[in-house]
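The values are calculated or read from the model by the stated rules, or taken from the named source; none is laboratory data. Predicted model, so just to flag it, every value in this text is computed and none were measured. For neighbour counting, all protein chains shown are included, and Cβ atoms are generated from backbone atoms with ideal geometry for every residue, glycine included.
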Amino acid sequence: MGIRGRKPISPALKIAAGNPGKQTLNTDEPKPRPISAFDLVQRHSQDMSEAALEFWLDIGPVLEECGVITEMDWPMAILMCESYATYVKCTRVLNEIGATMTTEKGYEVPRPEVAMARRALKDCESLMVNFGMSPAARTRVKVSPEGKGEEGLGDLLDK
């Protein structure tokens with residue numbers, strides 16, 4: 001069972017809004033150091049499928065530039081990329097052979113890839129929101145100026 005109630009608002013957002021509820025703020029919130037897209041690929045590329053790595057090479061530099069990726073976020077980033085890769089793989093199969101199949105008794109039923117693609121899309125969307133990857137989600141993400149990585153992903157590609 002998940003955590004009940006509304007998602008908590010970060011202390012930084014509460015302070016920016018003037019702490020309207022006058023609640024005690026969590027000053028002990030973890031503040032992980034930023035990580036570059038380069039660092040994530042260098043440390044964890046063996047944990048990613050080829051398609052997920054391809055997606056990360058596209059989106060990682062953008063997240064780094066926005067300053068929303070930290071050293072604590074790499075598992076979530078990998079899961080997001082793997083979910084996206086699964087969605088793309090299933091979609092390619094469905095485009096190639098169709099969304100339905102015929103059973104031995106002659107019934108037309110959805111292919112398993114339909115459910116797999118739907119689940120992967122749902123997982124990917126929920127993970128993308130955490131990185132501010134939709135217009136509505138970006139309004140909820142606050143980035144500190146020092147949130148930028150030190151090395152760019154282009155450095156990895158040059159090696």
* Asked: Mind checking which residues of region 92-141 are touching a strand residue (DSSP E or B) at 6+ places or on another chain (Cβ under 7 Å) and among the small types (Gly, Ala, Ser)?
  -> ALA99
* Run down GLU113, GLU54, GLU125, GLU82 and say which single residue is over 15 Å from the mean Cα position of the chain (by Cα) and farther than 21 Å from PRO34 by Cβ. => GLU113
* ASP39 fails exactly one of the following numbered conditions: (1) in contact (Cβ under 8 Å) with a residue 24 or more places away in the chain; (2) in a helix (DSSP H, G or I); (3) within 18 Å of LEU127 (Cβ to Cβ). What is the number of that condition? -> (3)
* Asked: So which helices (runs of 4 or more DSSP H) are wholly in region 51-159 and hold at least 1 residues that are at pLDDT 90 or above, aromatic (Phe, Trp, Tyr) and buried (at least 16 other Cβ atoms within 10 Å of the Cβ)?
  -> 74-97
